[in-house]
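Written below as structure tokens is the structure these notes are about.
The values are calculated or read from the model by the stated rules, or taken from the named source; none is laboratory data. These numbers come from a predicted model, not from an experiment. Cβ atoms come from the backbone with ideal geometry, glycine included; neighbour counts cover every protein chain shown. What goes into the accessible areas is simple: the full protein's heavy atoms, side chains included, and nothing from ligands, DNA or RNA. Shrake-Rupley method; radii C 1.70, N 1.55, O 1.52, S 1.80 Å.
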Amino acid sequence: MLWHTTADDWWPTRPPALQLAENQASTSRAPFSPLACTAASSGKSDHHSHADSPCVALFADMVRQVAAGDNLIVLAHTSIIETLKQPAGDDSEMLKHSRNAIHRVAHMGTEQVSSRRLLVVGWPLESISEVLAGLSSFAPPGSEATFLVAKAPDAVCAPQKSRSKSGDRSNLATEFIETEITMGAENFRAINLATCDSVIIGVPSELGYPDSDALVLSALLQIQKLAAECERMVHVVFKASSPNTKEVALQFLHSLTKCYVSVEVVLTSQLTSAILTQVLWQPSVIDLVVELMVYAEGNELYLLEPDQLGLQVGESVSFGEMVEAGKLLEMSVLGLVRHDKAQISLDGRDLVIAPPCDEVLDLHHGDKIVVIADLV
């Protein structure tokens with residue numbers, strides 16, 4: 001659960017200006033993870049420069065200060081008020097986690113995030129610019145995106161380097177191919193699916209439910225068929241109107257003897273309702289969501305392979321050690337996303353978010369570490 005509380009509640013005996021690195025260290029013993037600080041909007045603080053709206057300082061920055069009147073945003077399983085009443089833990093435990101993390105990071109390699117080849121099929125022309133801006137912001141260096149469209153936007157008909165919101169050259173090379181969008185095999189063969197890592201499926205804006213969901217399910221079937229022919233794993237993302245569509249897609253893939261597609265189905269109405277509800281009760285949450293998901297610059301939310309934090313599949317590691325390893329790499333570690341079905345059924349969790357620092361987590365193949373970081 002996302003909560004926000006005042007800096008005065010969090011450090012009632014401390015001076016108003018505190019380094020975020022110290023703040024994160026002081027909270028890592030508790031059963032929650034600090035994410036960010038929203039600065040007060042009065043414009044009178046000596047520590048911040050504000051306009052008319054709050055600004056968000058993500059803890060992965062490790063360089064800003066907390067001033068009186070700021071709100072701290074944290075992930076927690078229990079009431080913040082009850083947690084604040086708990087006494088501080090033993091510092092020796094965190095020192096042990098810190099020493100272990102230093103040893104891990106010192107022996108890490110220097111591998112870079114791999115580039116990706118993306119395919120966007122049938123996305124509505126009127127909203128292509130938003131998708132292009134998002135892909136340009138988050139793509140690893142050297143990535144390529146091919147847009148299969150009925151009509152290419154006038155400004156970007158030729159292959160080119162896209163520009164990020166800041167105006168700088170982005171990491172993404174884009175190409176637009178004009179063709180009739182059928183979601184049939186001919187569409188995916190036209191761009192050589194065998195070389196693609198990920199596919200985003202769109203539908204015409206004039207096509208409503210249930211036809212829109214039926215079209216993306218048909219496209220998923222074609223992608224699985226072609227990916228099986230070339231024996232290549234492809235990640236597919238599409239938005240749907242009904243939860244039943246997501247269930248049908250997952251059941252279809254699970255029924256296959258050999259599945260070559262992993263899928264993420266975004267239920268837009270569900271996400272909108274969830275965000276509106278959280279913002280109603282905790283207005284500062286929207287600043288955090290925009291900072292992590294919309295802005296091109298700064299920190300974003302990532303799911304990383306364990307070895308990107310010096311961890312190894314097959315070992316057991318305390319969450320506190322993961323947190324300390326993240327700090328050394330200028331990341332804020334939030335938790336773990338499980339992939340192994342046996343492990344999920346064993347402890348009943350596919351998402352392990354903000355556990356106690358002394359909880360030991362077994363790392364399995366496919367597990368991802370959830371972090372906030374500035375990687376691109």
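What to note about this one:
- Of LYS225, LYS368, LYS96, the order by accessible heavy-atom surface (1.4 Å probe, DNA, RNA and ligands excluded), from most exposed downward, is LYS225, LYS96, LYS368.
- Computed label-point distance, nm, for sites THR277 and VAL360 using a 7 Å Cα→Cβ extension: 3.7 nm
- Segment ARG99-LYS368, length gained on full extension (0.36 nm per residue, minus Cα span): 94.6 nm
- Distance between modelled label sites at THR182 and ILE286, nm, 7 Å Cα→Cβ extension: 4.5 nm
- Paramagnetic label reach from HIS235 (point 7 Å along Cα→Cβ; backbone nitrogen cut-off under 11 Å): within segment 168-209, residues 197-199.
- Accessible surface comparison of TRP123, TRP281, probe 1.4 Å, protein chains only, largest first: the order is TRP281, TRP123.
- Distance between the 7 Å Cα→Cβ label points at SER127 and LYS225: 2.7 nm.
- Proximal charge balance of TRP123 [Cβ under 13 Å; K/R count +1, D/E count -1]: 0
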